[in-house]
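Read the figures in this text as sums done on the coordinates, not as results from a lab. Just so you know, these numbers come straight off a predicted model, no measurement behind them. Methodologically, a virtual Cβ is constructed for each residue, glycine included, from the backbone with ideal geometry; neighbour enumeration extends over all protein chains shown.
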Amino acid sequence: MRDDWLTGVLSRGTGTPTDLPWRPRGRAEAAEADREVREGLLQRVVGDVVVAGDVPLDTALRARALALLVPAGSVVLADAAAWVHLGPPLTSPREVRVAGTRLPDVGSPAPLRVSFSRVRPAVDELHEVAGLTLTGPARTLLDVAAAQPHRAAWLRERMLAAGLLVEGDVRAASDRARGRGGVRTARRALGLPRAPGPAALSPSSVATP
């Protein structure tokens, strides 16, 4: 009976593969999913999203899982973006910060908190992973460093070790962020120099004949 239930919910919809994340619907299904998580048949990815217990939680799967919990068209920022890119040793987020064109609506009760930022990253700072739009590793690191400078060096080391970025990427992200709130804190936390200002005019270039 339980095996039949598990097969049914994992393949719900029109031929949904069993290796894709999904959200339980209703109290009974959520309670049954909780039991299956405890027994190892399912594993929790983020929020109330689960997937079969033997599926590797790679970058694409983390992105698919988070996409079920954020508004369509939004951009995932900061900690949640870092979790999608890196995975362990980061734990799944309980709060997701997003940028977009409207206030997020994830329904009630929400499985995790969604906060909204009006600062939308530039197009060249965005990545798309399995249908989820999020900031690239360098911009993500800078955002985390701005809000949580004590975590900056730790996160940079792990991103570098995972091959997600090189130091030049971080410097370029810092230069693009010139004038944005928190960027000075991020630069100090990451040991980056100030971004170059506008080129100064020499006296000869402004002298009148």
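Can you tally the net charge around Ala152? Count Lys and Arg as +1, Asp and Glu as -1, for every other residue whose Cβ sits under 15 Å from the Cβ of Ala152. Provide the component values of the computation, followed by the final result.
Details: positive: Arg139, Arg151, Arg156, Arg158, Arg171, Arg184, Arg187, Arg188; negative: Asp79, Asp143, Glu157, Glu167, Asp169.
Neighbour charge sum, excluding Ala152 itself: +3.
Around Asp34, what is the net charge, scoring Lys/Arg as +1 and Asp/Glu as -1 over all other residues with Cβ under 12 Å from its Cβ? Don't skip to the answer; put the middle values down first.
Numbers: positive: Arg27, Arg35, Arg38, Arg44; negative: Glu29, Glu32, Glu36, Glu39, Asp48.
Here the charged neighbours net out to -1.
Would you please give the residues with an amide H less than 5 Å from that of Val129, counting only those at least 5 places away or on a separate chain, with H modeled from the backbone geometry?
Distant-sequence amide H within range of Val129: Leu134.
State the answer as a single residue: which of Val76, Leu42, Ala30 lies farthest towards the positive end of the charge dipole of the range 30-78, with beta carbon charges of +1 for Lys and Arg and -1 for Asp and Glu, about the Cα centre.
Val76
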